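Q: The structure follows.
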Amino acid sequence: MNGVKTLTPERIAEIRAFKNTNFSDCPVLTEEELKKMRPRHPEYFRPIKKAVQIRLDADVLAWFKGYGKGYQSRINAALREIMLQTTQTHE
C-alpha cells in the first residue's frame, strides 16, 4: 500500500508509545462527527476501487464512452456526486 501502514490496534499502540506524541489537545469525536468528515484536500484522497459488473442502458454507456478514454472514471464521478448530494440532504 505505497508504504502506508494499516491503522491496526497495534499501530495505534505504536503511535501512542512514540515519545514526542502529545494527544492532549486532540478533540474526541463522536461517531456522528466522524461520519460527517470529508477530506480537506479531496484531490489527494484515493478511495479503494472495487471491480463490479453492472448493466447500463446502451445509450447511457455510449454517451459516457463518447467522451473518450476514462469513461469508467466519469461514471464513478457521476455516481459519487449523486451520493454526496444525497448524503448532504440526509444529514
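The numbers here are math on the coordinates, done by the rules we state, and not lab data. Predicted model only: the values in this text are computed from it and were never measured.
Q: As a check on your grasp of the helix formula, calculate [θ] at 222 nm for the chain: sum -39500 (n - 2.57) over DSSP H runs of n ≥ 4, divide by the residue count, round to the nearest 500.
A: -14000 deg cm²/dmol
Q: For a quick check, take a GNM of the chain with Cα springs below 10 Å and name the residue from F18, F45, F64 with the largest mean-square fluctuation.
A: So, out of F18, F45, F64, the one fluctuating most is F18.
Q: Using a Cα-Cα cut-off of under 22 Å, which lysines could be cross-linked to K36, ignoring same-chain neighbours fewer than 8 residues away?
A: Leaving aside lysines fewer than 8 places away in the same chain, those within reach of K36 are K49.
Q: Between E32, E43, E14, find the one with the highest GNM mean-square fluctuation for the chain; connect C-alpha pairs within less than 10 Å.
A: Looking only at E32, E43, E14, the biggest GNM fluctuation is shown by E14.
Q: Still on this structure, please answer the following. When we measure straight from the Cα of K19, which lysines land under 24 angstrom away, once same-chain ones fewer than 8 places off are left out?
A: Once the sequence-local lysines are set aside, what remains near K19 is K5.
Q: Quick one: what are the phi-derived ³J(HN,Hα) couplings along the range 57-66, Karplus 6.51/-1.76/1.60 with θ = phi - 60°, whole Hz, x for glycine and proline?
A: Along the range 57-66, the couplings run 4, 4, 5, 5, 4, 4, 5, 5, 5, x Hz.
Q: Give me the lysines in straight-line cross-link reach of K50: C-alpha distance below 16 Å, same-chain residues under 8 apart excluded.
A: Cα-Cα hits under 16 Å: none found.
Q: A further question on this structure: Report, to the nearest 10°, how far helix 71-89 tilts away from the longest principal axis of the Cα atoms in the chain, using its own Cα long axis and a range of 0 to 90°.
A: 60 degrees
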